[in-house]
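Below: one structure, written as structure tokens.
Please treat every number below as a calculation from the coordinates, not as lab data. These numbers were taken from a predicted model, which means no experiment stands behind them. Neighbour counts are summed over all protein chains in view; Cβ atoms, including those assigned to glycine, are modelled from backbone coordinates with ideal geometry.
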Amino acid sequence: MTSSNMFSTDRHGWTELLPKRSAKPCLSGSHRVPWVVIGAGVTGLACARRLAERHPDQEILLLEARLVGQGSSGRNSGFAVAVSHFAGGFEPDQMEVYRRINRINQAGLDLLRAQVLAHAIDCQWHEGGFHHTAADRQSSQEYSQFLRYLEALEIAHTPLDRQELNQRLGTGLYDVGVHVKKGALLQPASLVRGLAESLPDNVRLAENSAVLGIGKGAPLNLHLANSEVRTDKLVVATNYEASKLGFLRRYLIGSTLSGSFTRVLSNDELAGLDCLNEWGVLSLHSGGATVRLTKDRRICLRNTAEYHGAALLSDTSLVQRQAIHRAGFDKRFPQLKHVSFEYAWSGVEGISRNNTSFFGRQRDNIYLAGGYNGSGLSRGTAFGTALADFASGDHSPLIDDCLASAPGAWIPPRPFLDIGAFLTVRSRFKGVGLDR
Ligand SMILES: Cc1cc2nc3c(=O)[nH]c(=O)nc-3n(C[C@H](O)[C@H](O)[C@H](O)COP(=O)(O)OP(=O)(O)OC[C@H]3O[C@@H](n4cnc5c(N)ncnc54)[C@H](O)[C@@H]3O)c2cc1C
């Protein structure tokens, strides 16, 4: 198997909106380094940055199979959350879990903000919080549970009725919702590019450099198509693709999501919406649509998720999914039915059966973080940073919070893995109704 068919990609996504850039050279030859990080998404970038700061005299080699921005970190909906929504009802005996996960989210959001400011990363950062909304009966029930949770945790929020939501978002679809004040919207591909371009000098990033295998022993031996690398310590930040390197098989799977962007809206079209300049909507139904009005005046809607063998969708499949995006868009914005979609995109998110994330040591000198179930921008940044400290032998409250992640729930072997993964993803859509 070649690296290119093992790590397929396509051009669709937020990177299409950005100027062209020159990729860092692919790794060739033999190398001996103290640290390797595999994967240049938010987890790997945060980890490499922290390792470089902690070990200024050592080289950190960051290996990315594709181009920066082509992985999930550059293909998501761009919500950096501080407050997680836990589907399935508020459980008072879970308060400590809720608090722990929100502390991790907040740590990641703070780290991201600091990096965006320190390096003047132009990624449309907008820290105005999010709207969590419900259009259908099932998600309306979820709404009252979410309010109980926000109140119990004393999280700043504003409940909104249909009319108030309409005034903010320009759509009359939602029955109820709540604005949670913490959280940032951003352009994900710009963010990861900016993070990659501002890495400390002792990080060497190589793109188009897939690790194809890891040998046992010390030092560890990494096999690439054109290179061999020996390293003392290794961080695996490959998200749902960890199984390709032999980690978390049957615990971390990929769910394929898709969405579309409109063209840029005209002044008249925006005025007709009569809404906030920029906003983001997260559905209170786990299978509901994520919708945004972006700073550059596009509406972006993502409303499909499926088990597709952890692969991106083909052009043909994307065209088919776009009919679902269109239906979701038209029912929200009937006044914009004439507005065309400029393109559709897909991405794969790493999910576990029990919604946990993975953090810690996998085997001697190999560490891993990943699997954030759709909220990896802030959490992945926190996990990646904490993992650098953990692998360096440190202790910290953030490391303790990450280490307290529940163990993953097992998904049975093939062919049942596919059935289990299919059912895991499908269960998120049960009763989605109008929220899609
Ligand atoms: C459509 C969509 C919408 C989403 N919306 C949101 C959202 O709004 N907010 C949010 O917080 N999260 C969202 N997510 C989830 C979020 O994108 C991920 O949780 C996050 O990007 C994970 O970051 P990561 O660095 O762990 O993994 P990734 O971004 O997947 O990075 C892993 C990197 O490792 C590389 N890699 C894999 N294997 C190898 C190898 N063998 N050798 C070298 N490199 C390798 C990959 O190419 C990839 O670039 C969404 C995901 C999708 C798909």
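Values computed for the structure shown
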read-out: Efficiency of FRET from Cβ geometry, SER30 and SER266, R₀ 41 Å, rounded to 0.05; value: 0.15
read-out: Sparsely packed chymotrypsin sites (Phe, Trp or Tyr not before Pro) within the stretch 359-436, loop by DSSP, other Cβ within 10 Å at most 14; value: TRP410
read-out: Cut-off 10 Å between beta-carbons: net charge of the residues surrounding LEU284, Lys and Arg +1, Asp and Glu -1; value: -3
read-out: Mean Cα-pair separation over length for the stretch 155-231, i.e. relative contact order, pairs under 8 Å, 6 or more apart, %; value: 17
read-out: Alpha-carbon Debye profile of the stretch 303-354, log10 I(q)/I(0) at 0.30 Å⁻¹; value: -1.23
read-out: Among LEU245, LEU318, LEU301, residue whose mean-square fluctuation peaks in a GNM of the chain (springs only between Cα atoms under 10 Å); value: LEU245
read-out: Debye log10 I(q)/I(0) at q = 0.06, 0.13 Å⁻¹ for the chain, Cα point scatterers; value: -0.23, -1.15
read-out: Estimated distance in nm for a label pair at SER427 and ARG103, the labels positioned 7 Å out from Cα along Cα-to-Cβ; value: 2.8
read-out: Residues ASP110 and ARG148, FRET efficiency given R0 of 22 Å [Cβ-Cβ distance, rounded to 0.05]; value: 0.25
read-out: Value at 222 nm in deg cm²/dmol, rounded to 500, when DSSP H runs of n ≥ 4 in the chain each add -39,500 (n - 2.57); value: -9500 deg cm²/dmol
read-out: Taking the stretch 25-172 and dividing mean pair separation by its residue count, relative contact order in percent (alpha carbons under 8 Å, at least six apart); value: 16
read-out: Cα Rg, Dmax (largest Cα-Cα span) when computed across the stretch 302-404, Å; value: 19.2, 59
read-out: Viscosity 1.306 mPa s, temperature 10 °C, Stokes-Einstein D of the stretch 36-97 from Kirkwood C-alpha radius, µm²/s; value: 110
read-out: At 0.890 mPa s and 25 °C, Stokes D of the stretch 362-406 from Kirkwood alpha-carbon radius, µm² per second; value: 224
read-out: Surrounding net charge for ALA135, when Lys and Arg each add one and Asp and Glu each subtract one, Cβ distance under 12 Å; value: +1
read-out: Gained length - LYS331 relative to ARG21, 0.36 nm times residue gap less alpha-carbon distance; value: 107.8 nm
read-out: Taking the stretch 206-299 and dividing mean pair separation by its residue count, relative contact order in percent (alpha carbons under 8 Å, at least six apart); value: 16
read-out: Kirkwood Rh and Cα Rg combined as Rg/Rh, the stretch 2-156; value: 1.04
read-out: Fully extended contour minus Cα-Cα distance, from HIS338 to ARG297, at 0.36 nm per residue; value: 13.2 nm
read-out: Debye equation applied to the C-alpha atoms of the stretch 188-281, log10 I(q)/I(0) at 0.10, 0.11, 0.21 Å⁻¹; value: -0.52, -0.60, -1.25
read-out: Proximal lysines relative to LYS244, as straight alpha-carbon distance under 22 Å, when same-chain residues fewer than 8 apart are discounted; value: LYS216, LYS233
read-out: In nm, spacing of pseudo-spin labels at ALA404 and SER198 (7 Å Cα→C-beta vector); value: 3.0
read-out: GNM result for the chain, Cα springs below 10 Å: residue of GLY213, GLY44, GLY371 fluctuating most strongly; value: GLY213
read-out: Where a label projected 7 Å from the Cα of ASN226 along Cα→Cβ would reach, residues of the stretch 15-35 with amide N under 11 Å; value: 25-29
read-out: Dimensionless Rg ratio for the stretch 120-235, taking C-alpha atoms and the 2.2 N^0.38 Å reference; value: 1.72
read-out: Where Rh is the Kirkwood radius over Cα pairs, Rg/Rh for the stretch 261-329; value: 1.02
